[in-house]
Amino acid sequence: MSTVVTANPAYRTPPGTLHTILLAGSVSLFLGALLSDLAYYNTYQIQWSNFASWLIAGAELFSGLALVFALVNLIRAPHKKGQVLTYFLLLLATWALGLFNAFQHAKDAWAVMPAGLVLSAIVFVLACLAAWVGLNPRVGGAP
């Protein structure tokens, strides 16, 4: 029976359970915000915008905590390049644009549209990419 040995693992340990829950939670909350923005765009009911604001605030909390875990993993990584750095930068961009989206949603009623909807879509895609890269199994080869 043969075993696979990696020369340069990207992380000393894979993302833990809490890190994974925070990352997945931020994706689902950003998705909820995007769907709420779509509902607001179609119905003009102000409560959808309020709901999106709260979902974005929760997603920012989750992604901010996941960003702290990603920073610790980046610091602990033997090589500060490749998947480790890409994941951190994607999560940082997600958090920064999410914060800008939260400020956009703080405006009154229809002033949120259409920029809020566009930002919600961009942030959701970035969150999905960050989760894809961050939770991708790290096996074999150089990082």
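The values are calculated or read from the model by the stated rules, or taken from the named source; none is laboratory data. As the structure is a prediction and not an experimental result, all values here were calculated from the model. Glycine also receives a Cβ, built like all others from the backbone with ideal geometry; neighbour counts cover every protein chain displayed. Note: areas computed on protein heavy atoms with side chains; ligands, DNA, RNA excluded. Shrake-Rupley method; radii C 1.70, N 1.55, O 1.52, S 1.80 Å.
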Quiz item: Checking Leu65 against (1) crowded, with 16+ Cβ neighbours inside 10 Å; (2) more than 16 Å from His19 (Cα to Cα), which test does it fail?
Solution: (2)
Quiz item: Can you name the number of the only condition in (1) out of contact with any Asp or Glu (no Cβ under 7 Å at 6 or more places or on another chain); (2) over 17 Å from Tyr44 (Cα atoms) that Ala109 fails?
Solution: (2)
Quiz item: For residues in the range 74-92 being touching a residue at least 12 places away in the same chain (Cβ under 8 Å) and more than 12 Å from Val133 (Cβ to Cβ), which is least open to solvent (accessible area, probe 1.4 Å)?
Solution: Ala77
Self-check item: Qualifying positions in the range 100-134 - assigned to a helix (DSSP H, G or I) and either open to solvent by 60 Å² or more (accessible area, probe 1.4 Å) or in contact with a Pro (Cβ under 6 Å, 6 or more places away or on another chain) (or both)
Solution: Phe100, Phe103, Trp110, Val118, Ile122, Val125, Leu129, Trp132
